[in-house]
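The block underneath contains the structure these notes are about, expressed in structure tokens.
Values quoted throughout were computed directly from the atomic coordinates according to the rules given, and no laboratory measurement underlies them. Just so it is clear, the structure is predicted and the values come from calculations on it, not from any experiment. Using ideal geometry, Cβ is built from the backbone for each residue, glycine included, and neighbour counts are taken over all protein chains shown.
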Amino acid sequence: MTSPPPKDDLIDPAYMAQCDGSNPDLPIYVAIRGHVFDVSNNKDSYGPGKGYNVFCGKDSSKALGKSSLKPEDCVPDISQLSDKELHTLDQWFAFFSKRYPIVGKLP
């Protein structure tokens, strides 16, 4: 199964914040390096109360690079990540790219 081509639509951060799994009428989004992935088809991992829900509704690049589930790490700022952590972040981006469609970008 191939993913549809990535979209370049800008996604409003306020809308993105609502896409955290708490509203069943909205998709569940995770952003990495500003690219927004629709992870709605994996509610078992990203839905409310699930292990990876902390990443949803925001750009969680720092947390993914650090392999952290701490809410305070779920921010887009990766300026303090080590080379190893940046590599880990690249691996997560590749993982998501193979499994979930990119639906847009954060401004």
Ranked on Cβ counts within 10 Å of their own Cβ, fewest leading, VAL30, VAL39, VAL54 go VAL54, VAL39, VAL30
How would the chain be classified by its alpha-carbon gyration tensor: rounded, prolate or oblate, with rounded meaning a/c under 1.5 and the a/b versus b/c comparison settling the rest? rounded
From the cross-link list LYS50/LYS84; LYS43/LYS98; LYS70/LYS98; LYS62/LYS105, which pairs have alpha carbons spaced over 20 Å apart? LYS50/LYS84; LYS70/LYS98
Within 14 Å, Cβ to Cβ, of ILE32, how many net charges do the neighbouring residues add up to if Lys/Arg are +1 and Asp/Glu are -1? +1
Each label sits 7 Å from Cα toward the beta-carbon; between ASP90 and LYS7 the label points are separated, in nm, by 2.9
Taking every other residue with Cβ under 14 Å from the Cβ of ASN41 and scoring Lys and Arg +1, Asp and Glu -1, one gets +2
For a quick check: sort HIS87, HIS35 by the number of other beta carbons within 10 angstrom, fewest at the front. HIS87, HIS35
Relative contact order of segment 37-107, please, whole-number percent, based on alpha carbon pairs below 8 angstrom and at least 6 residues apart. 32
Per the rule of 0.36 nm per residue minus the C-alpha distance, extending ASP83 to LEU26 adds in nm 17.0 nm
GNM on the chain, C-alpha springs below 10 Å: top fluctuator among PRO76, PRO48, PRO24? PRO24
